[in-house]
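I have placed the structure first, in the form of structure tokens, so that the comments after it can refer back to it.
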Amino acid sequence: MSKPPFQIDETTQTRVTRAWVLHPEIKSDPDRRLADHALAEAVSLARALPELDVVGSEIVPLKTVRAGMLFGSGKIDQIKTTLHDEEVELVLVDGAVSPVQQRNLEKAWDVKLLDRTGLILEIFSDRAATREGVLQVEMAALSYQRTRLVRAWTHLERQRGGLGFVGGPGETQIEADRRAIDDQLTRLRRQLEKVVKTRALHRAARAKIPYPIIALVGYTNAGKSTLFNHLTGADVMAKDMLFATLDPTMRRLRLPDGPEVILSDTVGFISELPTELVAAFRATLEEVLAADVICHVRDISHPETDAQAKDVQDIMTTLGVEDDRPAFEIWNKLDLLSEEDADAMRARADRDPTVFAISALSGEGLDGLLEAITQTLQGQKREATLSLAFADGKKRAWLFEQELVSGERQTDDGFEISVRWTVDQEAKYERL
């Protein structure tokens, strides 16, 4: 008895597509990752979409990439048989696939095909919750589609009927589609600019009572949201799933023996993150650019944790984050290591004052991390504007005694005072 052509998820009543994941292992690529781990990550990406049922996966060794078909003819025939036997509807290729390769493989296998960029865009589209996130994903998706209009589909080669007044052929469908995408991108950019301006106003309002910003960054599934929840008591979704968190979340956090700060949980990075998404999510990641301290959360239990850390650093550099920003490395998931390996990690971390070995799940190592963040912030001066009533003479006098005042203006209700102070001085002021 043959399998049904598709399945229905009884929980969500949505159609489930049977998918197959391929990881091309290009032998000539000196920077290639361990194939087993790369395939496992690709399968995890696919499973992050609830409408996909990953029925199989495999590594495809390649000496060189074939320009037209990616794989050799023998391998294409072999994969076609497998796909037919498993009644696969969608093939996910863990890597870049050109428009020509996509068209040829879809024709050869009679299935729909997505490359790594297309899959990540699908996940982001599924997860975006805020207006800003939705706009950014739409812009990234349109930018991606625009590059794939070049002879990607045969219907785009048809020409629209020109009237012939200018003597040339009519506008080709591909040109019309590209122009339509450009028009839509322009509209989305205008909408996004309004959202970004609103975010900038919120940031300016915070600057009047300047809470330092602590930004959590890291590879996807490194445990940022678990750490965020543990520190703030928030309920951000934290699952063993790639891109569980997409839109940024911010909460106030009172540091031990220190001031209040704003803790920001950001979208996780990933290797070969589409350039369209890096550009589109620049606005969302502005909190990282404005952060006083950056905490790079690493899954220290992952076999390729060093390679993941390099991917994060590369993306941070692309975003324009300066190297001189105070930063800490957080080696998370000690609880997943053997006791011997965990002790070795603790010993290595103890030798570097900017590295902390922790378990966000159990809370191990967090006290030392928070103390280091507090000490770092106490040495930095920030500008602030305070509004004091005439009755707040004690606070005003204290500010002048500490030589913190850089400017003062009398208002109808009291004084507007500009100060420049450290976080420690701010905390003392708040206790007056």
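Looking at the calculated P(r) for the stretch 267-425, what percent of the C-alpha pair distances fall above 22 Å?
58
Accessible area of ILE76 (1.4 Å probe, protein heavy atoms only, ligands and nucleic acids ignored): about 10 Å². Ordering of 306-313, 261-268 by packing is 261-268, 306-313, highest average first (other Cβ atoms within 10 Å, averaged per residue).
Note on the stretch 390-432: with neighbouring protein chains present and a 1.4 Å probe, carbon and sulfur make up 40 percent of its accessible heavy-atom surface.
Length gained on full extension, GLU193 to VAL100, computed as 0.36 nm times the residue gap minus the Cα-Cα distance: 30.0 nm. Peptides 215-224, 419-428 ordered by packing proxy, namely the average of other Cβ atoms within 10 Å per residue, highest first: 215-224, 419-428.
Estimated from the Cβ-Cβ distance and a Förster radius of 25 angstrom, the FRET efficiency linking LYS27 and THR147 is about 0.40. Our estimate of slack between SER387 and ALA180, defined as 0.36 nm per intervening residue step minus the Cα-Cα distance, is 69.4 nm.
A Förster radius of 56 Å, combined with the Cβ-Cβ distance separating ASP85 from ARG252, puts the computed FRET efficiency at roughly 0.50. Partners of LYS107 within straight-line reach, counting aspartates and glutamates whose Cα lies under 18 Å from its Cα and excluding those fewer than 8 residues away in the same chain: ASP77, ASP85, GLU86, GLU87, GLU89, ASP115, GLU157.
Heavy-atom accessible area with a 1.4 Å probe sorts GLU339, GLU86, GLU132, largest first, into GLU339, GLU86, GLU132. The residues of the stretch 75-115 expose, per residue, 45 Å² of accessible area to a 1.4 Å probe.
Taking ARG178, ARG431, ARG116 and ordering them by how much accessible surface each has at a 1.4 Å probe, largest first, produces ARG431, ARG178, ARG116. What pairs from LYS63/LYS310; LYS381/LYS428; LYS394/LYS428; LYS395/LYS428 go past 20 Å between their alpha carbons? Pairs exceeding 20 Å: LYS63/LYS310. Of the trypsin sites (Lys or Arg not before Pro) found in the stretch 340-385, the ones in coil according to DSSP and having at most 15 other Cβ atoms within 10 Å of their Cβ are ARG351. Cross-link reach is defined here as a Cα-Cα straight distance under 24 Å, omitting same-chain residues fewer than 8 places apart; for LYS194 the lysines meeting it are LYS208. The label-point distance for ALA290 and ARG420, in a model that sets each label 7 Å from Cα toward Cβ, rounds to 2.1 nm.
Between ALA35 and GLN375, the C-beta separation translates, for a Förster distance of 35 Å, into a calculated FRET efficiency of about 0.20.
What value does the stretch 75-122 have for Rg/Rh, both radii from Cα atoms and Rh as Kirkwood defines it? Rg/Rh: 0.96.
The values are calculated or read from the model by the stated rules, or taken from the named source; none is laboratory data. Everything quoted here is computed from the prediction, not taken from an experiment. No Cβ is skipped: glycine too gets one built from the backbone with ideal geometry, and neighbour counts run over all protein chains shown. Ligands, DNA and RNA are excluded from the accessible area calculation, which covers all protein heavy atoms including side chains. Shrake-Rupley method; radii C 1.70, N 1.55, O 1.52, S 1.80 Å.
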